[in-house]
Amino acid sequence: MMNQIQSKKRANELRELLNSYSYEYHVLDNPTVSDAVYDSLFAELKKIESDYPELISPDSPTQRVGNQLVGGFKKIQHSSRMLSLNDVFDRSDVEAWVKRTDKLLPGNMHEFFADIKMDGLACALIYQDGLLSQAVTRGDSFIGEDVTENVRTIKNVPLRLRKVSGFEQFLSGRTEIRGEIVMLKRDFEKLNAKREKLGEPIFANPRNLAAGTIRQLDPSLVAQRPLHFRAYDLLRDDPTEIPTNMFAYEALSQLGVTRNMQAGVFDSFNSVMKFVDEWGEKRFELPFNTDGLVIKVNNRAQFEQLGIVGKQPRAAVAFKYAPEQATSIVKDIVISIGRTGAATPVAVFDPVAIAGTTVQHASLHNADEISRLDIRIGDTVVIFKAGDIIPQVESVVRKLRPKNARKFDFEKELKIQYPELEFERSEGEVVYRVKGTSGDLLLKLALEHFASKSALDIDTLGEKNVIALVDAGLVYDLADIYKITSEQVLRIDRFAEISAKKLVDAIKVKKNPSLERFVYGFGIRHVGVQTAIDLVNKFETLKSLQQLSIEELESVDGVGKVVAESIVAWFADPDNEALLEKFESLGVKPFFERKTGRLTGESFVITGTLRSMSRDIAAEKIRLLGGTFQTTVAKDTTFLVFGEKPGASKVKKAKEYGIKLIDENQFKELIKNETR
């Protein structure tokens, strides 16, 4: 977490940049970043000001609803303020709002009204005795701009309200209809396709185009663009004429005004959340863009009774679905070596929520991509999810680049992070690969390790059978071993019916390995058996390990920055992410079981040769009884077991630390007896 001095500097930078973006958007109608990027930076500033209220300044964008618009339009004061809504982001936020509402309306049953939140330009249509008399933009929520002539060109805006039995009162006096001016996705795509064909620049997104179009001074130009109005509110001087929000929607339909047909009334928190979840999945099918829903108290009298706090009504909230873009600060760039020997750079950044999940690393693909983006350690970057799945860095917010941002020298970092390996970049390729190896060779080594005794311990899957399976084209990654059949193996010369069945059965038996063996089997650089055990004991699930930050990993005993970076890089590699998904799809389910026993809390180091067992077997027995096996003597070591020809340095260090020395027979008694 940044201290106050750092926070002040960051807040000033954010304010300056956000105000610049706001000017581009509202005044110039020429935004240079998406709404998601603006919202993410805005949220960061809001968090800083929440942590340090003394840093709030009068010019902060958090202290006003919107920006004053300029141009050739007459300013009009709204009959009542066009309020903004408090944002909520998850189930717990909605539940907290519902509880506050219940508390403020004791003894009153109330319903909830919910509708899709449209992504367009807010506008109020004023009808006098049923005829359209004025259209006013939202502006700063108090005063908007008169855009009547432009709105009249929108074909679905009625110039006269329909006369329908039971709704005649809306054709007398002043009726105000509030809604959003949008451009439907299909119309936007057609317009851009036409412009592209003519060699004209295409528009960025429907919302910006709708906002820019409605503020054109020439109505004939507006008429050429297919804008659409969708209402979300109905106002009268006498509020009792509109008892509920649902009645307002029914009236809008009767009056001939377009409104969302997805809206509904709900009698409980759970039914509201069911609606939220449903449209979380289906919102991409809508004809217009949306980033969430609006949830209100349905009864308008209760809505008014709840009142307003600051700039937002208590009786309504805006549920925001997880953004598809966000910003974060790059803390490091680490390199992962994939199964083909390719060196893939991975950006590690502060955790950020995108499209419903929290991500903290993204592949940078190769050295050329780093150069193209000009990404540096310390940069603020825009993150997005390709296909809502894979997090990627879209761009760098260069105006927020700190003076100490560090360039990433790819070849230098390869030597630092992998000093024992050599890399080469073939002519015409963008990827650096491990020199002197092939994808097949690396796969064979990885699979042999995965099946080894300390990992999954798959009987009969030794070096020769691994080579045979890979050479036969039956295995292209570690997960493929769970797909092979006896019939496929029988086609390989070295196998007969019994040996083929034995191999396939041995693999099937290990479909539910212990999690620590599974993690060790990945062959993550610097992660030995004990480190895998320590990681699993602390975090307990594979999903948790996938989401850990470098700082969280460094909290594990024996895991330093180098090891932590290696773990993060492995889980961030797209090939490895796909591999884990493949394991899951094939029914491979590792389990976690905390090892406890009479050696729990005890740590052992072995020096010299044991006569009765190998060091690996001794380590396994220690772990099965809940103890920890260490390779080097440390202050927390409990026992030093010495065999034949013990190492003098380990014995000396153990004596300095006051560690108990035991011989092989004493060790055997320790792991044999039920009590000590």
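Just so you know, all these numbers are worked out from the coordinates, no wet-lab data involved. It should be emphasised that the depicted structure is a prediction, and the values quoted were computed from it without experimental measurement. Counting neighbours? That spans all protein chains shown, and the Cβs are built from the backbone with ideal geometry, glycine included.
Once you have a ≥ b ≥ c as the square roots of the Cα gyration tensor eigenvalues for the stretch 369-441, tell me rounded if a/c is under 1.5, and otherwise prolate or oblate according to whether a/b is larger than b/c. Write down the numbers at each step before the final one.
Values: a/c = 2.60, a/b = 1.55, b/c = 1.68.
The shape class here is oblate.
From the convex hull of the Cα coordinates of the stretch 78-163, what is the mean projected area in square nanometres? Display every interim value, and only then the final one.
Details: hull surface 33.8 nm².
In nm², the orientation-averaged hull projection of the stretch 78-163 is 8.5.
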extent check for the stretch 4-63: Cα max minus min per principal axis, descending, whole Å, gives 35, 21, 16
Short version: what are the Cα gyration tensor semi-axes of the stretch 499-609, square root of 5 times each eigenvalue, largest first, in whole Å?
25, 21, 13
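At 1.306 mPa s and 10 °C, plugging the Kirkwood radius over alpha-carbon pairs of the stretch 469-536 into Stokes-Einstein gives what diffusion coefficient in µm²/s? Working shown, then result.
Details: Rh = 13.5 Å.
Here the translational diffusion coefficient equals 117 µm²/s.
If you take the square roots of the eigenvalues of the alpha-carbon gyration tensor of the stretch 40-189 and sort them as a ≥ b ≥ c, do you get rounded (a/c under 1.5), prolate (a/b over b/c) or oblate? Don't jump to the answer; show the numbers that get you there.
Values: a/c = 2.00, a/b = 1.35, b/c = 1.48.
Judged from the Cα gyration tensor, the stretch 40-189 comes out oblate (a/c at least 1.5, b/c at or above a/b).
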In vacuo Debye scattering of the stretch 439-585, one point per C-alpha: log10 I(q)/I(0) at q = 0.11, 0.15, 0.18 Å⁻¹?
-0.44, -0.76, -1.03
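Can you pull out the chymotrypsin sites (Phe, Trp or Tyr not before Pro) in the stretch 120-196 that DSSP calls coil and that have at most 16 other Cβ atoms within 10 Å? Spell out each step's value before the answer.
On the way: sites: Y127, F142, F167, F170, F188; in loops: F142, F167.
Counting only loop positions with at most 16 other Cβ atoms within 10 Å, the chymotrypsin sites (Phe, Trp or Tyr not before Pro) in the stretch 120-196 are F142.
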Highest to lowest packing among 405-411, 535-541, 327-333, scored as the average C-beta count within 10 Å:
327-333, 535-541, 405-411
Can you tell me the Rg and Dmax of the stretch 603-672, counting just the alpha carbons, in angstroms?
10.9, 29
Which residue, chosen from I671, P646, I606, occupies the Cα position most advanced towards the positive end of the dipole of the stretch 603-672, where the dipole is computed from +1 (Lys, Arg) and -1 (Asp, Glu) charges on Cβ about the Cα centre?
P646
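Output the Kirkwood hydrodynamic radius of the stretch 312-441, Cα pairs only, in Å rounded to one decimal. Walk me through the numbers before you get to the answer.
On the way: mean 1/r = 0.0613 Å⁻¹.
Hydrodynamic radius (Kirkwood, Cα pairs) of the stretch 312-441 is 16.3 Å.
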Residues I622, I524 arranged by fewest to most Cβ contacts within 10 Å
I524, I622
Collect residues whose amide H, placed 1.01 Å from N in the peptide plane, falls under 5 Å from the amide H of N86; neighbours closer than 5 in sequence don't count.
A318
Kirkwood hydrodynamic radius, computed over distinct alpha-carbon pairs, for the stretch 327-375: how many Å, to one decimal?
11.6 Å
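As a test of the definition: which semi-axes, in Å, follow for the stretch 140-225 when you take the square root of five times each eigenvalue of its alpha carbon gyration tensor? Largest first, please.
Values: eigenvalues 190, 47, 27 Å².
Semi-axes (√(5λ), whole Å): 31, 15, 12.
Ranked highest first by average number of other Cβ atoms within 10 Å, how do 460-469, 130-139 line up?
Working: 460-469: 17.1, 130-139: 20.0.
Per-residue Cβ counts within 10 Å, averaged per peptide and sorted highest first, yield 130-139, 460-469.
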Counting pairs of alpha carbon atoms under 8 Å apart in space and at least six apart in sequence, what relative contact order in percent does the stretch 75-319 give?
31 percent
Percent relative contact order of the stretch 537-676, based on C-alpha pairs within less than 8 angstrom and at least six residues apart?
19 percent
So, in Å, what gap is there between the alpha-carbon centers of the stretch 515-591 and the stretch 614-676?
27 Å
Which whole-Hz couplings ³J(HN,Hα) result when phi for each residue of the stretch 45-55 is put into the Karplus expression 6.51 cos²θ - 1.76 cosθ + 1.60, θ = phi - 60°, listed in order with x for Gly and Pro?
5, 4, 5, 4, 5, 5, 6, 10, x, 5, 8
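When 1/r is averaged over all different Cα pairs and the result inverted, which Kirkwood radius in Å belongs to the stretch 75-319? Please report the intermediate quantities before stating the final value.
Numbers: mean 1/r = 0.0526 Å⁻¹.
Across the stretch 75-319, the inverse of the average 1/r is 19.0 Å.
Can you bin the stretch 230-279 into rounded, prolate or oblate? Criterion: square roots of the alpha carbon gyration tensor eigenvalues sorted a ≥ b ≥ c, rounded for a/c under 1.5, prolate for a/b above b/c, oblate for the rest. Each step should come with its number before you reach the end.
Numbers: a/c = 3.24, a/b = 1.65, b/c = 1.96.
Because a/c hits 1.5 or more and a/b fails to exceed b/c, the stretch 230-279 counts as oblate.
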Computed over the Cα atoms of the stretch 461-500, the Rg and Dmax in Å are 9.3, 25
Give the Rg/Rh ratio for the stretch 578-623, taking Rg as the radius of gyration of the Cα atoms and Rh as the Kirkwood radius, to two decimals.
1.20
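Over the Cα atoms of the stretch 387-514, what is the Rg over Rh ratio if Rh follows Kirkwood?
Details: Rg = 21.0 Å, Rh = 18.3 Å.
So for the stretch 387-514, dividing Rg by the Kirkwood Rh gives 1.15.
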How much of the DSSP beta bridge set in the chain is antiparallel, as a percent to the nearest 5?
80 percent
With an 8 Å cut-off on Cα pairs and a minimum separation of 6 or more residues, tell me the relative contact order of the chain in percent.
9 percent
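Just the ratio, please: alpha-carbon radius of gyration of the stretch 184-316 over 2.2 N^0.38 Å, N its number of residues. Show your work: numbers first, answer last.
Details: Rg = 18.5 Å, N = 133, 2.2 N^0.38 = 14.1 Å.
Scaled against compact globular proteins, the figure is 1.31.
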Rounded to two decimals, what is the ratio between the C-alpha radius of gyration of the stretch 202-267 and 2.2 N^0.38 Å?
1.48
Isotropic mean projected area of the C-alpha convex hull, the chain (nm²):
41.3 nm²
If only Cα atoms are counted, what is the Rg of the stretch 554-634, and what is its Dmax, in Å?
16.9, 45
